[in-house]
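Inspection log for the structure reproduced underneath, given as structure tokens.
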Amino acid sequence: MAPDSKSAPLQHQEEEEQQPEDLDTLSHNPSAPPDELFDISTTVDPSYVISLIRKLLPANGSNNPNYRGDVSCGPVQGLNVDDMEKSALTRSGVPPPSTDTSESMEINDDFNENATHEGESEAEQPRHSVPVGEEAWEEYGCILWDLSASKTHAELMVQNLVLEVLLANLMVSQSVRTTEIGLGIIGNLACHEVPMKHIVSTNGLIEFIVDQMFLDDAQCLCEVCRLLTVGLQSSEGVTWAEALQSEHYLTHILWIAENSLNTQLIEKSAELLLAIIESSQDVMHILLPPLMKLGLASLLINLLDIETSKLMSERAPERYPILDVVLRAIEALSVIDDHSQDICLDKDLFQLVCALLKFPDKVEVANSCVTAVVLVANILSDVPTLASELSHDMLFLQGLLDVFPFTSDDSEARSALWNIIARLLVRLPENEMSSSTIQQYVLVLVSKSDVIEDDLLDCQLGGLGLKARTTALRRIISILNQWTASKDYAKENENNINIDRLLDCCCKHSEDVPSTVSHDMDLKE
């Protein structure tokens, strides 16, 4: 998972350095001395990574103006450069980098950048700004933030006490930017298996992270939500769930999702809720029941209402991911046996999803429309009588057909689409529809004949998906035949060719399943 854009790696800090006199001299930083080489495959010198970690060491608590005396740092108390040197020697089998900056590995260190270049006067030398204190910490932290996205670098970091260093900083820092960077680094580390095990085994770290849910900075909360999401989805998910199971924390997660005005934070908090719903059975068993009692279903429906309304009025692209995540969470909840009724029986939700499928500009929210189709199919499966309300809604049928192009690579969504169409059409009384009703159906079907034919060319559907499609095709054939047998058919010369072509195509593909009588009855129940 990539870090935030604001944590992008810094360019070489002093690109204006004096050019070497020898043009053949390499412009990049030299490799570490042979006695400091690590047996590790990476384009970044491991010694450089370790040097960055050492630069993040917090000042001694007694000398740090931000130190809070009432905070116990537990296992990180007394952490210093000597500890890191011993760790580097023990874990890597090679001597650690020297603490003397005059003997640095020549890796972009910048500590002596302000020294006057030989042969230059002070007025002639380039002016460089050397970051100090909090500014320098943020600079080095951002570099580590990006490097931690790499599995190799992440494993090297945790082997060299980066978690202990970050926890020591987080426990005394009063800077929201420092907190964001620290949580961001840990969030990237958590994406890798070995570093995740280090995170879980670092005493007090998970509990500290969970406590950060009560920060009042949006960017920090985004990183907390991202970290918790990754943790719950990992093989260590139960440990994270147990740390998060208190009603105190779960209530606050719901409060953040419902009350935040920051679009990124709404998205990240919704992703956290989705991760809980889609997590392993053990994690779900711990967190989902209390969340449902606290009103998770109602919250998600309210969020969908807000995002759907904004889509219809504002069409703000930055909000589309929120709509997508919220719909995915609702759809995931709709198939969980103990909780599906909270979703499927909600009429307001059903109207919201149907309104979304009628939205004309589906390209902008294609993924959300695909999820909405699956959700409607789930709802109709639980409450089949709702199909009667939709069977005469031509805009809804047209909206359904508009989704076909977005489902070409999603067999589940294609099956759901055909299932919904079949449920609608079997509700129509054969041979009892008025000529005007038949004409309305014919006009909609013919207008979307291209997308129907394109989908029929792909014969990869199987099982219930194929049965539903065959049932739908036979009902379409029945409607088209009724129209071609009517007196009005001869008057509609403009559409006759398209009607005949669609009829031929449907007849050809309706023979894939010998009989669908039993399936037709299932769809009517």
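What to note about this one:
- The residues of region 384-487 expose, per residue, 41 Å² of accessible area to a 1.4 Å probe.
- Sites L457 and M394, calculated FRET efficiency, Cβ-Cβ separation with R0 22 Å, nearest 0.05: 0.30
- For region 384-487, carbon and sulfur atoms together expose 49% of the accessible surface, with a 1.4 angstrom probe and every protein chain in place.
- Distance in nm between pseudo-label sites at I306 and S246 (7 Å out along the Cβ direction from Cα): 2.6 nm
- Calculated FRET value between R501 and T263, using beta carbons and R₀ = 41 Å, to 0.05: 0.35
- Mean projected area of the convex hull spanned by the Cα atoms of region 295-383, taken over all viewing directions: 5.0 nm².
- Heavy-atom surface analysis with a 1.4 Å probe gives region 295-383 a carbon and sulfur content of 46 percent of its accessible area.
- Packing order of peptides 182-191, 361-370, highest average first: 182-191, 361-370 (average count of other Cβ atoms within 10 Å over each peptide's residues).
- Averaged per residue, region 211-312 has 40 square angstrom of accessible surface, using a 1.4 angstrom probe with ligands and nucleic acids left out.
- A Förster radius of 22 Å combined with the Cβ-Cβ distance from L294 to D211 puts the calculated FRET efficiency at roughly 0.70.
- Separation in nanometres of the label points that stand 7 Å from Cα toward Cβ, at A316 and N481: 5.3 nm
- Cα gyration tensor, region 132-273 - rounded (a/c under 1.5), prolate or oblate: oblate
- Prolate is the label for region 384-487, because a/c, from the alpha-carbon gyration tensor with a ≥ b ≥ c as root eigenvalues, is 1.5 or above and a/b exceeds b/c.
- Full-stretch length increase - A136, S280 - with 0.36 nm per residue and alpha-carbon distance subtracted: 47.7 nm
- Across region 192-241, Cα pairs under 8 Å and at least six residues apart give a relative contact order of 33 percent.
- S434, S340, ranked by accessible area, largest first (probe 1.4 Å): S434, S340
- Ordering 214-221, 257-264 by mean Cβ neighbour count within 10 Å, with the highest value first, yields 214-221, 257-264.
The values are calculated or read from the model by the stated rules, or taken from the named source; none is laboratory data. Quick caveat: nothing in here was measured; it's all calculated off a predicted structure. Cβ atoms come from the backbone with ideal geometry, glycine included; neighbour counts cover every protein chain shown. Ligands, DNA and RNA are stripped out before the accessible areas are found, and what is left, the full protein with its side chains, is counted by its heavy atoms. Shrake-Rupley method; radii C 1.70, N 1.55, O 1.52, S 1.80 Å.
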